[in-house]
Amino acid sequence: MNGLHRSLVELYSQISKVEPQPSKPGPLAETALLAAGQCYVLYMILLATVWGISLLFAITLAAAVCTVLLIMATRRATLRQIQTSLLVLSEQFDTLQRSLQGGQPSGGGQATKEPSG
């Protein structure tokens, strides 16, 4: 039995030293590998496309929000300028009205147009 054990160990060591010959994959295996590689490439393209579309959507949304904020700020500034101009015009009108009332007799404060002719 000891001899049998030793011969099995020697046989195993000889077999383990021998490297198996690489076998060439068949056409079906090559096709499967190509299909798997193409599927991976298509998956990566799809993933990049989804991320790109999401990024473009986010940029478009941010641009829309900024546009609305810009329009609101512009309108506020315009209304502020109009209010300031109206206050200036009101003061000028009051000054003009006081000067016209001061130069005329108290007859209602309206200027009368003299007939020409």
**Request:** Leaving ligands, DNA and RNA out of it, work out the accessible area of LEU89 with a 1.4 Å probe and give it in Å² to the nearest 10.
**Result:** 100
**Prompt:** How far apart, in nm, are the 7 Å Cα→Cβ label points at LEU86 and VAL41?
**Reply:** 6.8
**Fill in**
Along the range 56-66, Karplus-curve 3J(HN,Hα) (6.51, -1.76, 1.60; θ = phi - 60°) to the nearest Hz, with x for Gly and Pro, reads 5, 5, 5, 5, 5, 5, 5, 5, 5, 5, 5
**Request:** Identify, among GLN38, ALA58, ILE71, the residue whose Cα sits farthest towards the positive end of the charge dipole of the range 20-101, taking +1 on the Cβ of Lys and Arg and -1 on the Cβ of Asp and Glu, with the dipole about the Cα centre.
**Result:** ILE71
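The values are calculated or read from the model by the stated rules, or taken from the named source; none is laboratory data. Fair warning: this is a prediction, and the values are worked out from it, not measured in the lab. A quick note on method: Cβ atoms are made from the backbone with ideal geometry, for glycine too, and the neighbour counts reach across all protein chains shown. Ligands, DNA and RNA are excluded from the accessible area calculation, which covers all protein heavy atoms including side chains. Shrake-Rupley method; radii C 1.70, N 1.55, O 1.52, S 1.80 Å.
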